[in-house]
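The values are calculated or read from the model by the stated rules, or taken from the named source; none is laboratory data. Computed from a predicted model, the values in this text were never measured in an experiment. Here the Cβ positions follow ideal geometry from the backbone for every residue, glycine too, while neighbour counts run over all protein chains shown. Remember, those area values only see protein heavy atoms, side chains included, never the ligands or the DNA or RNA. Shrake-Rupley method; radii C 1.70, N 1.55, O 1.52, S 1.80 Å.
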Amino acid sequence: AQSVTQLDSQVPVFEEAPVELRCNYSSSVSVYLFWYVQYPNQGLQLLLKYLSGSTLVESINGFEAEFNKSQTSFHLRKPSVHISDTAEYFCAVGNSGGGADGLTFGKGTHLIIQP
Amino acid sequence: SAVISQKPSRDICQRGTSLTIQCQVDSQVTMMFWYRQQPGQSLTLIATANQGSEATYESGFVIDKFPISRPNLTFSTLTVSNMSPEDSSIYLCSANGYTFGSGTRLTVV
């Protein structure tokens, strides 16, 4: 069985400040890892993913996440946030052994950008 | 990556009725997944739909309540049966393991 822990339910940050959203996972098998963003009253958008290769993955809008196998973490970071980054962020884990099990999601972190 | 079209995007339904949600993928995929997102909550996997076999349901979800069809490699439907207000949620389909449709926002009154 897999599980995901997002340690912070809410993270308030001032605009242009850096932010880190924490995600830890538990799994007995090799994993794929994902971050999704959900803007108010909208669907789920894939922000970035780790499938294999480089442990540092980046998105087109300045977010990055690093897969740390020893610490079973996949924290999301951005060096300078904007008001438009206000959203709910979900970390998810999947089984890399075939993708037949679906994803397990964390409870989400609400990123609140303060002007 | 796959593009998924899901409809309806939203609906308001009377309790006791059923709603069928459709999910169309622009390429052939082996596995499709259905998730529920209750208000203010995270996503929970309802079931996995593999073409040519019955869907596999997660604990807490049953076929009588959430029947699923998977007639071919690009299409699936989820029916929410005999609805009650507790079924008010966003329902999402997924393909290729991590690509999601835009979701169906269901309100039961």
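Please specify each residue of segment B:1-45 satisfying the condition of being among the small types (Gly, Ala, Ser), assigned to a loop (DSSP other than H, G, I, E, B) and either in contact with a Lys or Arg (Cβ under 6 Å, 6 or more places away or on another chain) or in contact (Cβ under 8 Å) with a residue 60 or more places away in the chain (or both). So that I can check it myself, show each step before the final result.
Filtering segment B:1-45 down to residues among the small types (Gly, Ala, Ser) leaves B:1-2, B:5, B:9, B:16, B:18, B:27, B:40, B:42.
If we keep only those that are assigned to a loop (DSSP other than H, G, I, E, B) too, we end up with B:1-2, B:9, B:16, B:18, B:27, B:40, B:42.
Across segment B:1-45, the qualifying residues are B:SER1, B:ALA2, B:SER9, B:GLY16, B:SER18, B:SER42.
Any residue that is among the basic types (Lys, Arg), assigned to a loop (DSSP other than H, G, I, E, B), farther than 19 Å from B:LEU43 by Cα and more than 10 Å from chain B (Cβ to nearest Cβ) - is there at least one of those in segment A:74-94?
Restricting attention to segment A:74-94, the residues satisfying the condition of being among the basic types (Lys, Arg) are A:77-78.
From what's left, assigned to a loop (DSSP other than H, G, I, E, B): none.
No, segment A:74-94 contains no residue that is among the basic types (Lys, Arg), assigned to a loop (DSSP other than H, G, I, E, B), farther than 19 Å from B:LEU43 by Cα and more than 10 Å from chain B (Cβ to nearest Cβ).
Exactly one residue out of B:ILE21, B:ILE46 is under 12 Å from the mean Cα position of the chain (by Cα), modelled with pLDDT of 95 or more, among the aliphatic types (A, V, I, L, M) and under 21 Å from A:LYS107 (Cβ atoms), and it is B:ILE46. The condition of being more than 20 Å from A:ILE112 (Cβ to Cβ) and either of a type in the set (Asp, Glu) or open to solvent by 20 Å² or more (accessible area, probe 1.4 Å) (or both) holds for only one of A:SER9, A:SER30, that being A:SER30. Of all residues in segment A:13-27, those satisfying the criterion of being open to solvent by 40 Å² or more (accessible area, probe 1.4 Å) and either over 16 Å from the mean Cα position of the chain (by Cα) or within 14 Å of chain B (Cβ to nearest Cβ) (or both) are A:PHE14, A:GLU15, A:GLU16.
Residues in segment B:60-109 that are open to solvent by less than 50 Å² (accessible area, probe 1.4 Å) and small (Gly, Ala, Ser): B:SER69, B:SER76, B:SER81, B:SER84, B:SER88, B:SER89, B:SER94, B:ALA95, B:GLY97, B:GLY101, B:GLY103.
Total residues in segment A:59-72 satisfying the condition of being surrounded by 13 or more Cβ atoms within 10 Å (Cβ to Cβ) and either more than 18 Å from A:SER96 (Cβ to Cβ) or of a type in the set (Asp, Glu) (or both): the figure is 5. When segment A:34-45 is filtered for residues that are open to solvent by less than 70 Å² (accessible area, probe 1.4 Å), farther than 18 Å from B:GLN38 by Cβ and at the interface with chain B (Cβ under 10 Å from one of its Cβ atoms), only A:PHE34 remains.
Taken over segment B:25-59, the criterion of being farther than 29 Å from A:ALA87 by Cα and either more than 13 Å from chain A (Cβ to nearest Cβ) or open to solvent by 40 Å² or more (accessible area, probe 1.4 Å) (or both) is satisfied by B:SER27, B:GLN28, B:THR30, B:ASN50, B:GLN51, B:GLY52, B:SER53, B:GLU54, B:THR56, B:TYR57, B:SER59.
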